[in-house]
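The values are calculated or read from the model by the stated rules, or taken from the named source; none is laboratory data. Small disclaimer: the values here were computed from a predicted structure and weren't measured. Every residue, glycine as well, gets a Cβ built from its backbone with ideal geometry; the counts of neighbours run over all protein chains shown. Just the protein is used for accessible areas: all its heavy atoms, side chains included, with ligands, DNA and RNA removed. Shrake-Rupley method; radii C 1.70, N 1.55, O 1.52, S 1.80 Å.
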Amino acid sequence: MRQAGILAAAGLYALEHNVARLAEDHDNAACLAEGLRDLGLPVELPQTNILYVDIPARHVAPLTEHLLQRGIRASVAAHTRLVTHLDVPRSKINAALQAFREYPDWQP
């Protein structure tokens, strides 16, 4: 594999500097999952910082546009993967949830 050292360096940096804050990402994923469940959306229970939510097909395109109008660029699909990480603080999780709540005629 060419340039494997560059990939290894990124992995080492993450292990040396970010392992302690993984719990924060996991908490944010759980918060996001709970907020989406409160809207009636089926959400798989996150085990890490990744969660999956099912969006009814009729809402995929309008929800994508709605989120974009609120500064949230998302690739919404019928089965959408959401990931929390160090660049997504709780305030952005709350903003995303608020945008989902403001989606008009939300009936999953």
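Structure data summary
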quantity	calculated
The chain: angle of helix 22-38 to the longest principal axis, Cα-based, in degrees nearest 10	10 degrees
Degrees separating the helix 4-17 axis from the principal Cα axis of the chain, which is the longest one	80 degrees
Computed [θ] at 222 nm, deg cm²/dmol, the chain (DSSP H ≥ 4; -39,500 (n - 2.57); rounded to nearest 500)	-16000 deg cm²/dmol
Nearest-20 debye value, the chain charge dipole, Cβ charges on Lys, Arg, Asp, Glu	280 debye
Inter-label distance, nm, simple model (7 Å from Cα along the C-beta direction), H26/Q3	3.3 nm
For q = 0.15, 0.18, 0.20 Å⁻¹, Debye-computed log10 I/I(0) when each Cα of segment 11-108 counts as one equal scatterer	-0.59, -0.81, -0.98
Most to least accessible of Y103, Y13, Y52 (protein chains only, probe 1.4 Å)	Y13, Y52, Y103
For segment 77-88, 3J(HN,Hα) per residue [Karplus equation, 6.51 cos²θ - 1.76 cosθ + 1.60, θ = phi - 60°, Hz, x = Gly/Pro]	9, 4, 10, 9, 9, 10, 10, 9, 7, 4, 8, 10
